Each structure stands twice: as structure tokens, then as C-alpha cells.
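Notes to accompany the following structure.
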Amino acid sequence: MDFSEWLTVVILGWFVVMTPGPNMAVVIRNSLLQSRGAGVYTAAGLALGNLVHITYCLVGIGLLISQSLLLFTIVKWLGAGYLISLGIKSLQAQPHTRSDLAAARPALTRGALIRIGFLTDMLNPKATLFFLALFTQIIRPGTPLLTQVVDGLTIVGLEFGCFATLAAIIGHHAVRQRFEAVSHWIERVTGVVLIALGVRVAFASAS
């Protein structure tokens, strides 16, 4: 295994994961408004989405999506619509007292949290383009399949590790308690961010 190539993947992956975007937005939203566990399950969903991206890039479907205007447009508009719908729901948040906060915002199930993370990652065309670039520009054509898999799983590990850590910090009881009184404003601001990201995805280019 080429250590320098793997190190390049690690460095590039870290910068991509930590760049603000839809994935980070949903982890912060679910961690702050529900719990650190909610953020971790959201991160797990994001990692599952990464696994799917890796799989279809390895078999060549990622290249097909990037080169087909129709397929890329379908993925792009599905992703934009999903992010905007999440944003609109967040914009509808209302102020609540401490006593009725839990009743007003029912906790999402583990499956629902994983699904949110998975769909957010899967319907982001930028993720498709990133993995395609990874498997065509950084990883050489002659790279053994096992090495390609390890490089891809490295990105998955970075995605989950970074966002699970973020969830543990943001979702800490003391942090959430400090923001509880303005939680509806935080949710509304997150809604604006998600809508803006959805619009950005809608205008994404396959180039």
C-alpha cells in the first residue's frame, strides 16, 4: 500500500469533511435540538451514504452520473428538494417553555436519524463528484482494488469520527441547556442555512 497516497487521501478527506455543508448542518441541528446520541446516529447515516458513494464509484456508476446531464440533474434536484424541505420544517419552529419543550418536539427514532443522515449525504451531488475525483485523480488507475477500498473506508471513518466528535461536543447537556431558551431561533437559522445549501445544490455543475 502506498503510504503517501493514503496520507493524501486522509488530508484531503479531512478538509472536505470539515468544510461547512449539508452534512455538518444536519449533525449540528440534531445534536443541539435533541441529544449527542441523535448527532451520532445522524453521523452514522452520513457514513452509510459514503459507503454507497464508494461502491458505485468503484464499479464505474459515479462516472456515468457525472457525465449524464439527466442523471446528474435528477440527483441534484432530489438533493436540493430534500434540503429545502428540511429547512422549511426548521423555519416553522416556535418558542417553547422548558416544561413543554420535549412534548413539542418529539424525539426522532434512531432509524429516522440514520435516514436523515443517509439521505442528506446520498442526495448531495457534490459528494458524488468528490468520490469520483478521489477515485480518478488521486488514486491511480493501477491501484489494487483492496487499496482503493481502504482509501474509501478511510474517508468513511473520517466522516463518522469527525461528526460523531462534533455531536458529542454540541450535544453535551451543558451546551444544549445554555441554548435551550433560544432553541427555536437556532432551528430557524439552521433552516435558513439548509434552504441556502439546497439552492446551492440546485445550481451545482457536473464539471
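Among the candidates Val182, Val201, Val189, single out the residue that is at pLDDT 70 or above and out of contact with any strand residue (DSSP E or B) (no Cβ under 7 Å at 6 or more places or on another chain).
Numbers: Val182 fails: at pLDDT 70 or above; Val201 fails: at pLDDT 70 or above.
When all the criteria are applied, what remains is Val189.
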Out of all the residues in the stretch 137-158, is one or more closer than 13 Å to Gly45 by Cα and modelled with pLDDT of 90 or more? yes
Selection status of Thr19, loosely packed, with under 15 Cβ neighbours inside 10 Å, under 12 Å from the mean Cα position of the chain (by Cα) and at pLDDT below 85: yes
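The values are calculated or read from the model by the stated rules, or taken from the named source; none is laboratory data. Just so you know, these numbers come straight off a predicted model, no measurement behind them. Glycine gets a Cβ as well: all are built from the backbone with ideal geometry, and neighbour counts include every protein chain shown.
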